[in-house]
Amino acid sequence: MGQPVLMIDAGDLFGRRSRIDREQTRFVCEVTSEFGYDAIGLGEADLNYGLDYLREMIDTYHLPFTSANVRLPDDGELLLPEYLLVERGGVTFGICSVMDPSYQIMTMSAKDETYQVDDPTETLKGLVPRMREAGAETVVLLAHLGDSGGESILAAVPDIDICLVGHSRRPYRTERIVQQAALICSSYEGRSIGRLDGQFERGTGKLKAFDVVTTELNEAVADDPVMLERVEAFKVHLEEFRIASRGIYQQTLGSADESFLTDRECRKCHQDIWDQLRDSGHTNALTTIARKGLGDAPECLVCHTTGYVYIGGYDDKPPANRLRGVQCEACHSYGTLHARDGKWAKEARNTCVTCHDQENSPEFDYDTYWAKIAH
Amino acid sequence: MVVRNHVRTVRGGLLALLALFMSASLAPVPSSAQDAADWLPVTIVYNSDVGGKIDPCG
């Protein structure tokens, strides 16, 4: 008979702020639910799609998220359960999570969402004794605090038994003990998974002995055929979703015989122009809308990227995702044309008004605007 | 064909780990009968920063 297993995650389960990633995150949540996690800490990325989406995932897939220091600013209510009590193998585990307040929470929700993130140390100094009073024998902290944050919090807050570090890129491959607590960390993007085999004292839940193993999830780990089939089916769905999400902005213009080369190629001969425009509104056009949560909106990308509706133009997967912002080829057309005969597209002047139209740029005046980018 | 992806690898990893759970505990062995009576073995499987990934970058 196998021994009891507790499954925990230290946060940032969700993907980047894009529609494609949001769709993929839904699939990841569905599968994560089937794994049977007992507790998931909150990372700033888990709010990338807004609180409504997070709550939808929690409700739909019964994901046991917890957070002790992230609150709604208006009423001060915690977003999630403050801590969880889980009985496993005769031990009562109290599991809580804190996030570093310096991590920037940015959502792609239509709402203007802001959150209050309390100081982790003060939060835990008050919380851990209350967890003990509530019956927690073993206190497990999901520390979404980064590499150095785990050790710092254990030095400042007593009586934590196990600390799983999140927002990290470095797995801990050996047993580490800090302030009499086991400090553990797996990895990111599912590159490895960690396992702590522990012996807990009956009646107190104190961790008496443990071993740690991190398993790299590489080609040496056999595919699960059922899951592999589901993943492949999801990838087909995701590609259909990607095409559908473009709506009327399909890549139908231009020619498959030509290629966008990106401004990196242009720079090789035109360093002076590249220097002049590197911090311009054109160059940062995608960043500008991404900050507003619109970095994946086709109706915006058509003007805030290069060649969005042209064959070979911007897309959010490599290599076409290098065509971020309004680069040289957005006005001057395919670089291969220029490279072939050395001519620049004289019709570039006429391309301004395709984006600087009455709706989006009502004050546009060619002479005034040209002065900002003259080259 | 081996395909690297988070879901598959996690699933595969968990299957491998669960197989280990079924076969033999890796937990430290109590050194005395008294410890064996007082100790409760529990395995903690942990993860973090999945980032919505199916395929790890790079």
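The values are calculated or read from the model by the stated rules, or taken from the named source; none is laboratory data. Since the model is a prediction, treat every value here as computed from it, not as a measurement. Reconstructed Cβ throughout: ideal geometry from the backbone, glycine too, with neighbour counts over all protein chains shown. The protein model used for the area step is the full one, side chains on, heavy atoms only, and it has no ligands, DNA or RNA in it. Shrake-Rupley method; radii C 1.70, N 1.55, O 1.52, S 1.80 Å.
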- Note on the structure: Counted residues in the stretch A:114-133 being closer than 15 Å to A:LEU42 by Cα, in contact with a helix residue (DSSP H, G or I) (Cβ under 7 Å, 6 or more places away or on another chain) and among the polar types (S, T, N, Q) come to 0
- Selected residue (criterion: farthest from the other protein chains (Cβ to nearest Cβ)) from residues of the stretch A:177-203 that are farther than 16 Å from A:ASN218 by Cβ, out of contact with any helix residue (DSSP H, G or I) (no Cβ under 9 Å at 6 or more places or on another chain) and not β-branched (Val, Ile, Thr): A:ALA182
- Counting only residues in the stretch A:334-363 that are outside any helix (DSSP H, G or I), open to solvent by less than 90 Å² (accessible area, probe 1.4 Å) and at pLDDT below 90, the one farthest from A:SER18 (Cα to Cα) is identified as A:GLY342
- Query: How many residues does the stretch A:99-109 contain that are more than 30 Å from A:CYS300 (Cα to Cα) and open to solvent by less than 50 Å² (accessible area, probe 1.4 Å)?
  - Reply: 2
- Qualifying positions in the stretch A:110-152 - of a type in the set (Ser, Thr, Tyr), open to solvent by less than 20 Å² (accessible area, probe 1.4 Å) and away from chain B (no Cβ under 14 Å): none
- Task: Please identify the pairs in which a residue from the stretch A:1-12 that is at the interface with another protein chain (Cβ under 7 Å from one of its Cβ atoms) and free of Cβ contacts under 8 Å to residues at least 12 places away in the same chain has its Cβ atom under 8 Å from the Cβ atom of a residue that is open to solvent by less than 20 Å² (accessible area, probe 1.4 Å) and among the aromatic types (Phe, Trp, Tyr), counting only partners at least 6 apart or on another chain.
- Result: A:GLY2/B:PHE21
- Being among the hydrophobic types (A, V, I, L, M, F, W, C), more than 30 Å from A:ALA371 (Cβ to Cβ) and more than 25 Å from the chain's Cα centre (by Cα), is that true of even one residue in the stretch A:227-241? no
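For the stretch A:221-241, check the following and say yes or no: at least one residue is part of a strand (DSSP E or B) and open to solvent by 70 Å² or more (accessible area, probe 1.4 Å).
So the first thing to find is which residues in the stretch A:221-241 are part of a strand (DSSP E or B), and the list is none.
No, every residue in the stretch A:221-241 fails to be part of a strand (DSSP E or B) and open to solvent by 70 Å² or more (accessible area, probe 1.4 Å).
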- For the stretch A:112-139, name all the residues that are more than 20 Å from A:THR204 (Cα to Cα) and among the hydroxyl-bearing types (Ser, Thr, Tyr). A:THR114, A:TYR115, A:THR121, A:THR123
- Given the residues A:THR204, A:THR215, which is the only one that is open to solvent by 40 Å² or more (accessible area, probe 1.4 Å), part of a strand (DSSP E or B) and either within 27 Å of B:VAL29 (Cβ to Cβ) or hydrophobic (A, V, I, L, M, F, W, C) (or both)? A:THR215
- Query: Here are some residues: A:LEU54, A:LEU42. Which one is modelled with pLDDT of 95 or more, under 24 Å from A:PHE234 (Cα atoms) and open to solvent by less than 10 Å² (accessible area, probe 1.4 Å)?
  - Reply: A:LEU54
- Which one of these is in contact with a helix residue (DSSP H, G or I) (Cβ under 8 Å, 6 or more places away or on another chain), farther than 18 Å from A:VAL117 by Cα and open to solvent by 10 Å² or more (accessible area, probe 1.4 Å): A:TYR61, A:TYR37? A:TYR61
- Only one of (1) surrounded by 18 or more Cβ atoms within 10 Å (Cβ to Cβ); (2) in a loop (DSSP other than H, G, I, E, B); (3) touching a helix residue (DSSP H, G or I) at 6+ places or on another chain (Cβ under 6 Å) is not met by A:CYS266, so which one is it? (2)
- Task: Return the pairs, sorted by first residue and then second, in which the second residue is polar (S, T, N, Q) and surrounded by 13 or more Cβ atoms within 10 Å (Cβ to Cβ), the first residue lies in the stretch A:223-238 and is more than 8 Å from chain B (Cβ to nearest Cβ), the beta carbons are less than 7 Å apart, and the residues are 6+ apart or on different chains.
- Result: A:LEU238/A:GLN24
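Please determine whether any residue of the stretch A:153-174 is hydroxyl-bearing (Ser, Thr, Tyr), more than 10 Å from chain B (Cβ to nearest Cβ) and more than 26 Å from A:GLU44 (Cβ to Cβ). Reasoning before the result, please.
Taking the stretch A:153-174 and keeping what is hydroxyl-bearing (Ser, Thr, Tyr), we get A:168, A:172, A:174.
Those left that are additionally more than 10 Å from chain B (Cβ to nearest Cβ): A:172, A:174.
With more than 26 Å from A:GLU44 (Cβ to Cβ) added as a condition, the list becomes A:174.
Yes - at least one qualifying residue is present in the stretch A:153-174.
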- Qualifying residue in the stretch A:28-42 (condition: more than 10 Å from every other protein chain (Cβ to nearest Cβ), without any contact (Cβ under 8 Å) to a residue 12 or more places away in the chain and closer than 25 Å to A:VAL128 by Cβ): no
